[in-house]
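First the structure, in the form of structure tokens, and then the observations on it.
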Protein chains: 2
Amino acid sequence: MLCVKIISVGTLKEPYLRDAAAEYSKRLSSYCRLNMVQLKEVKLPDSPSQKEIAAALDDEAKMILSELSPRAYKIAMCVEGKQLSSETLAKKLDSISAEHSEICLVIGSSHGLSDKVKSACDMRLSVSELTFPHQLLRIMLLEAIYRAFNINAGTKYHK
Amino acid sequence: MLCVKIISVGTLKEPYLRDAAAEYSKRLSSYCRLNMVQLKEVKLPDSPSQKEIAAALDDEAKMILSELSPRAYKIAMCVEGKQLSSETLAKKLDSISAEHSEICLVIGSSHGLSDKVKSACDMRLSVSELTFPHQLLRIMLLEAIYRAFNINAGTKYHK
């Protein structure tokens, strides 16, 4: 069974987001071993300078890089990444499963991801040209993965 | 104050989606008069034929068209629509506000939207190449609109 590790920065603050994540975790347990790792977001002042943001991203990068399993297929979520249709994502997931026992998906903090993390990944994936809060993005990603597994399993979830 | 009418088909079944919608409704009340209209999804058998789906979409179209205010700027949400960045959506919202007192956004059922609805709209908007459940899409759309208002107001919500 494929191990899906979702590495994200910051906690899910809204109860409805925590409930949504719990629901998708339950649903995904039929398809993969899901491992959701929440790293601590580096605290920044109210109006941080570019330098302060860069330093925070750098600290977050260190934590993220230590969580990336060397043998896993690694995907960085970023707005400039490649967008895929649900069918193409399903095929991608299928081909990754053939060669890897683990897939790591990384979602940055509200300031995004350091280039160090992006370079360490095999692929940059985007879900939208719109910016979404990183916390909601986590739910959207869980949904996208759940749908991909369903497409590959031939269930009726994806019409 | 701009009236934002979100016309969608089907109810929000998951409690976490209802909570999310309530939270965004509260937040949006500072920026617009939000009117969320939920139409009844036409019931279909477990494995509907293309003809049955078309008939259901047709029935849903009648209900949707009767909710579309003639003077409003009308947007159909569909995967083949145009994707915008959050900044471009904010500009679009601003220019719509200058000419219209109301904007209608239409989200179809799990089988999508009839061409009749798409043709009756001024614009087709997509949030992603990925397919998302229409219920989650409602939350994503509320977030996108909330972010657009924040960008136009110059708050710190959008970094």
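The values are calculated or read from the model by the stated rules, or taken from the named source; none is laboratory data. In this text the structure is predicted, and so the values were computed from the model without any measurement. Because the Cβ atoms are built from the backbone with ideal geometry, glycine has one as well, and the counts that use them run over all protein chains shown. Accessible surface is based on the protein model in full, side chains and every heavy atom, while ligands, DNA and RNA are left aside. Shrake-Rupley method; radii C 1.70, N 1.55, O 1.52, S 1.80 Å.
For A:Glu99, which inter-copy label distances result when the label point lies 7 Å beyond Cα on the Cα-to-Cβ vector, reported in nm to one decimal and in ascending order?
Inter-copy label distances (nm, one decimal, shortest first): 4.9.
What are the ³J(HN,Hα) values, in whole Hz, obtained from phi via the Karplus relation 6.51 cos²θ - 1.76 cosθ + 1.60 with θ = phi - 60°, for each residue of region A:106-121 in sequence order, with x given for Gly and Pro?
Rounded to whole hertz, the list is 10, 10, x, 7, 5, 9, x, 10, 5, 4, 4, 5, 4, 5, 6, 9.
For the full complex of protein chains and a 1.4 angstrom probe, list B:Ser8, A:Ser95 by accessible area with the highest value first.
Reading off the accessible areas and sorting them downward yields A:Ser95, B:Ser8.
For chain B, report the convex hull volume of the alpha-carbon atoms normalised per residue, in Å³, without decimals.
Looking at chain B, the number lands at 113 Å³ per residue.
Just tell me how shielded A:129-137 is by partners: mean number of partner chain Cβ atoms within 10 Å of each residue's Cβ, no decimals.
What the average comes to for A:129-137 is 6.
Just tell me which aspartates and glutamates come within less than 17 Å, Cα to Cα, of A:Lys156; anything on the same chain fewer than 8 places away is out.
Within reach: A:Glu87, A:Glu143, B:Asp46, B:Glu52.
Short version: ³J(HN,Hα) in whole Hz for each residue of region A:70-81, in order, from phi by Karplus 6.51 cos²θ - 1.76 cosθ + 1.60 (θ = phi - 60°), x for Gly and Pro, what are they?
Rounded to whole hertz, the list is x, 7, 6, 7, 10, 10, 9, 7, 8, 4, 8, x.
Report the accessible area of B:Cys121, computed with a 1.4 Å probe over the heavy atoms of all protein chains in place, in Å² rounded to the nearest 10.
Here the accessible area works out near 20 Å².
Please list B:Val79, A:Val106 from largest to smallest accessible area, probe radius 1.4 Å, with all protein chains kept in place.
B:Val79, A:Val106
Quick one: of A:Lys5/A:Lys62; A:Lys91/B:Lys92; B:Lys92/B:Lys116, which pairs are farther than 28 Å apart, Cα to Cα?
Long pairs (Cα-Cα over 28 Å): A:Lys91/B:Lys92.
Please work out how much accessible surface A:Ser97 shows to a 1.4 Å probe, ignoring ligands, DNA and RNA, in Å² rounded to 10.
The value for A:Ser97 is about 50 Å².
Just want the answer: with Cβ charges of +1 for Lys and Arg and -1 for Asp and Glu, which residue in B:Tyr73, A:Asn152, A:Leu44 is farthest toward the dipole's positive end in the protein assembly as shown?
Among B:Tyr73, A:Asn152, A:Leu44, the one farthest towards the positive end of the dipole of the protein assembly as shown is A:Leu44.
Restricting to region B:5-157, compute how many DSSP beta bridges are antiparallel as a %, nearest 5.
5 percent
Can you work out the Karplus-derived ³J(HN,Hα) for every residue in region B:7-23? Use 6.51 cos²θ - 1.76 cosθ + 1.60 with θ = phi - 60°, whole Hz, and x for glycine or proline.
9, 9, 10, x, 8, 7, 7, 6, x, 5, 6, 5, 5, 5, 4, 5, 5
Using the alpha-carbon atoms, what tilt in degrees (0 to 90, nearest 10) does helix B:134-153 show relative to the longest principal axis of chain B?
Roughly 20 degrees between the two axes.
For B:Lys82, which sequence-distant residues (separation of 5 or more, or a different chain) have an amide H within less than 5 Å of its own amide H, given hydrogens modelled in the peptide plane?
HN-HN under 5 Å from B:Lys82: B:Arg124, B:Leu125, B:Ser126.
Roughly what angle does helix A:86-99 make with the longest principal axis of chain A, taking Cα atoms, 0 to 90 degrees, to the nearest 10?
90 degrees
To the nearest hundred square angstrom, how large is the accessible surface buried between A and B, total for both chains, probe 1.4 angstrom?
About 2700 Å² of accessible surface is lost on pairing.
Using protein chains only and a probe of 1.4 angstrom, how many square angstrom of A:Thr11 are accessible, to the nearest 10?
80 Å²
Taking every residue in B:102-113, how many Cβ atoms of other protein chains lie within 10 Å of its Cβ, on average?
Mean partner shielding for this stretch: 0.
Under a Cβ-Cβ cut-off of 14 Å, what is the net charge of the residues other than B:Leu12 that fall near it, where Lys and Arg count +1 and Asp and Glu count -1?
It works out to a net charge of -2.
How big is the C-alpha Rg of the protein assembly as shown next to the rule-of-thumb value 2.2 N^0.38 Å, as a ratio?
1.02
In terms of modelled amide H atoms, which long-range or inter-chain residues lie less than 5 Å from the amide H of A:Arg33?
A:Leu2, A:Cys3, A:Val4
Taking chain B as the reference, fit the longest principal axis to its C-alpha atoms, fit the long axis of helix B:50-67 to the helix C-alpha atoms, and give the angle between the two in degrees, 0 to 90, nearest 10.
That helix lies at roughly 40 degrees to the long axis.
In peptide A:144-151, how many Cβ atoms from other protein chains are near each Cβ within 10 Å, on average?
For peptide A:144-151, the averaged partner shielding equals 1.
As a check on your grasp of the helix formula, calculate [θ] at 222 nm for chain A: sum -39500 (n - 2.57) over DSSP H runs of n ≥ 4, divide by the residue count, round to the nearest 500.
My calculation for chain A gives -14500 deg cm²/dmol from helical runs alone.
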